[in-house]
1. What's the total number of residues in region 230-259 that are touching a residue at least 60 places away in the same chain (Cβ under 8 Å), within 38 Å of the chain's Cα centre (by Cα) and within 17 Å of residue 315 (Cβ to Cβ)?
2. So, in region 604-618, how many residues would count as being open to solvent by less than 60 Å² (accessible area, probe 1.4 Å) and modelled with pLDDT under 90?
3. Give, as residue ranges, the helices (runs of 4 or more DSSP H) completely inside region 421-511 that count at least 3 residues that are surrounded by 18 or more Cβ atoms within 10 Å (Cβ to Cβ), among the basic types (Lys, Arg) and in contact (Cβ under 8 Å) with a residue 24 or more places away in the chain.
4. Condition (residue is assigned to a loop (DSSP other than H, G, I, E, B), of a type outside the set (A, V, I, L, M) and either buried (at least 24 other Cβ atoms within 10 Å of the Cβ) or out of contact with any strand residue (DSSP E or B) (no Cβ under 6 Å at 6 or more places or on another chain) (or both)) applied to region 340-352: is it met by at least one residue?
5. Could you identify the single residue in 600, 613 that is out of contact with any Lys or Arg (no Cβ under 9 Å at 6 or more places or on another chain) and of a type outside the set (Gly, Ala, Ser)?
6. Any residue in region 115-130 that is modelled with pLDDT of 90 or more, assigned to a helix (DSSP H, G or I) and touching a Gly at 6+ places or on another chain (Cβ under 7 Å)?
7. For region 632-642, what are the residues that are within 15 Å of residue 622 (Cα to Cα) and open to solvent by 50 Å² or more (accessible area, probe 1.4 Å)?
8. Do we have residue 63 as surrounded by fewer than 23 Cβ atoms within 10 Å (Cβ to Cβ), under 23 Å from residue 374 (Cα atoms) and either at pLDDT below 90 or touching a Gly at 6+ places or on another chain (Cβ under 7 Å) (or both) here?
Amino acid sequence: MIDDKTPITIPYVVSRSVVKQGDLAKSAGYDRNKSLVQNFKSSFETFSLKKTIIETCPVLGWLPKYEFRKSIAGDIVAGFTVAIMHIPQGMAYGLLAGLDPVVGLYMAFFPALIYFIFGTSRHISVGTFAVVSIMTSKIVATYSDPDFGNNESQLNSTLDYEDEAITKSYSNYQVATAVTMVCGIFQIIMSFLKLGVLATLLSQSLVSGFTTAAAFHVIVAQSKDLFGIQVPRHKGAFKIIYTMRDVIMNIPNSNLYTLCISVACVSFMILMNEVVRPLAAKKCSFPLPSELMAVIGFTIISFALNLGGPNCKVIEVGKIPTGLPVPMMPPIELLQTVAVDSIAVCIVSYSIMISMALIFAKKDSYEVRANQELLATGFANIAGSFFSCIPLSCSLSRSIIQHKTGGKTQVASVVSALLILILILWIGPLFETLPRATLAGIIIVALKGMVFQIKDLKTFWNESALDAAVWILTFLTVVIIDIDIGLLVGIIVSFFVLYKKGYKIYSCMLGQVPNTDIYVDLQTNVNIAELPNIKIFRYYGSVNFATRNNFKQDLYDNIGVNQRTIRRASICKVPDEIVRLNNDIRKLIIDFSAISHIDMSGYRTLLEIKNEMKLLSVSIYLANPSSCVYDLFDRAHKLKEESFECFPTIHDAVLYSNGL
C-alpha cells in the first residue's frame, strides 16, 4: 500500500533547454523505421537453429534438465491418479460425442503423447472435455448416416444409389475424425499466423454463458440414457427443444431397471462428492476415485444380474475392442464438408486449454506460450485423427487433481497414458456389461459446477450491465437455437461490448501545479488553475477514422469553441473581435500521452483543427506523443503533409509558447 501522507523532501531540480520532439529523436538516435533489408539482416543474425528446434519441441529443452529425484514420485502419483479419472470420464465423454466409449480412452493416449512433446504447460490433463464432446456430436449427427455401422469392419464409406444419383454415406467415426483433422489444420495455421492470443480475447462472461448453456445440451443429450428410452435424432436449430419434447413424451416408456440404475448412480456420486470425498481429503492426499468405483460397481452388478438380457433390457456399453486402432485417414472429401462447422470446435477446445494452462502457469510461475500451445494442439489433433480421436481439450477436474497430487511436469501425462494403454490392450472388455445409464449419471453429476455457473450472472450484472448482456444473449442463443450459432452470437456481442467500452472515451483540460512542471486534470483537482491564455487538452483513446469526429468535438467543447464561432472568425477581419471570439485563447496544447494510436484520417483531422484555430489566431502545439504516434507524424511529414510543432513534454510546449 502506498503511503501518500508522508511528505517527500527530496529536491528535484532539472535545468535544461526547451527541446522539440524532433531534436530529441535525433540526439537520442531514435530509429524505429528500419528497412526490410535491415529487419531481415537482424533476424538472420539472431537466428539459432538449436533455439528454434527447442522452441518447436519444448520437451528437448526441459526433459534433459528433469530433476528425477525431486519430481518423479509426484509425477508417478499424479499420473496414476489421473489415469483412474480418465477411465470413467473418457468412456462417458466418448459416448457423449456419439461414438463408442473406447474413444475416450484413445484420447487419453495418442494426443497426450504428442502434447508431451510439443506442449508448454506442465499441469493440464489433455483428453476429453464435455463441451467439446457435445459440439463434436452435433457435427457427427449432421453429417453421418445413422444407419451406417460404426464397427471397425464398416468404417469404409459406402455408396447408396437412388434415382441414379450417387450419395456418399459416412460413419460417425469418419465424421468425428474429419472434424479432428480440420481442427488440427486450423490450429497449426493459427500458430504460424501468431494468432494464439485471439482465444484469450473471449471474455469471461462469454465463456461462462456458453459453457453453462452447453451443460444443458449435455444433460438433455444424456436424458435418454438416464430413462432408457429411444428418441429420434434431431439436427439443426432448436434441436434441444425438440429433443426435450420427445424425452418428456417418452418418459412413460422408461425402462424401470435403467431408471433405478440412474437414480442409484446419481445418488452415489452426490454422496461421495459432497460428503465422503471432503472427509477423506482431510486424512488422505489421494483423491477418492468415486467415478471409477461407480463404473466398477455397476459393471459387476450388471454382469451378476444379467441386466442386459431379455428380461431387463438395460442398454449396456457393449463390445469394447482390445488393442490399438488401425491408423486410418479421414475421407479427404469430408474435410471441406465439416470445415465451417469445425471452426467453433477449434476455438472452444483451444480456448479451454490455454485458459487452464495460463491458470497453472501463473500459480507456479512458469511460461506458457500461446502460439506453441496452438502448434501442440494442432499436431495432437492431426495425429489423433488417424486413431479415431475427437478434438483435443483438457479437463478442469483432471488438471486440478494432477496439480494437487504432486504433478510437476508432463511426465505425469506419460505415466497416465501408459496405464491407459494397459487398459486398452487387455482390461477394456471387462467393462462391456457397464450400463450406459451409469456413464450418463457420472456426466450429469460432473456437470454440476458448470450448471451452477448460472450464479455468475449476478456477479457480471454487478460489474457491468454490458457483460451481463453478453452472458444472457450467449446463454439463451446456445440453449434455444444451437451451440455453434450461440457461440457466434456471443463472440459478436462480446466484440461489440469491447468496442463500446473502448469507444467510450474521456477527455479533460489540464492545469499546472504551481511552480512545477506537473499538469493535472482540472475536473478532479479543484485547487489547480489554467495558465493564462493557454489551453491544455488531454484525450484518452485513439484518434482514427472512427473517432476523429468525437475527438474534434470534445476538443472544441472543452475549449469553448464551435463551428459557428469559426465561421464568424473566417469573415471577421477585426483583431479585437477575433480575440473575443476565441475566449482569449492564444495557445492550444494537445497532450498526446494518453493517445495510443493515430491514423492518417486522425492526422488530417488535426490539420483541420490547426487551420481552424489559425482563423481564431490560436497557435497549436502537440506534446508527449508515444513512439508509434510520433512515427505517424514523421511519415506524414515525409508524405508532404503539413507538420506540427511537437514537444516531448507539456512543460516544453508551455515554455516554448510563452517564449514566443
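1. 1
2. Matching residues across region 604-618 total 4.
3. Once the helices (runs of 4 or more DSSP H) in region 421-511 are filtered for at least 3 residues that are surrounded by 18 or more Cβ atoms within 10 Å (Cβ to Cβ), among the basic types (Lys, Arg) and in contact (Cβ under 8 Å) with a residue 24 or more places away in the chain, nothing remains.
4. First, pick out the residues of region 340-352 that are assigned to a loop (DSSP other than H, G, I, E, B): none.
No - not one qualifying residue is present in region 340-352.
5. Numbers: 600 fails: out of contact with any Lys or Arg (no Cβ under 9 Å at 6 or more places or on another chain).
Selected residue: 613, the only one of 600, 613 that is out of contact with any Lys or Arg (no Cβ under 9 Å at 6 or more places or on another chain) and of a type outside the set (Gly, Ala, Ser).
6. no
7. In the first step, residues of region 632-642 are kept if they are within 15 Å of residue 622 (Cα to Cα); the result is 632-634, 636-637, 642.
Those that are within 15 Å of residue 622 (Cα to Cα) and open to solvent by 50 Å² or more (accessible area, probe 1.4 Å): 637, 642.
8. no
The values are calculated or read from the model by the stated rules, or taken from the named source; none is laboratory data. Note that this is a predicted model, so its numbers are computed, not measured. Please note: Cβ atoms are built from the backbone with ideal geometry, for glycine as well, and neighbour counts cover all protein chains shown. For accessibility, only protein heavy atoms count, side chains too; no ligands or nucleic acids. Shrake-Rupley method; radii C 1.70, N 1.55, O 1.52, S 1.80 Å.
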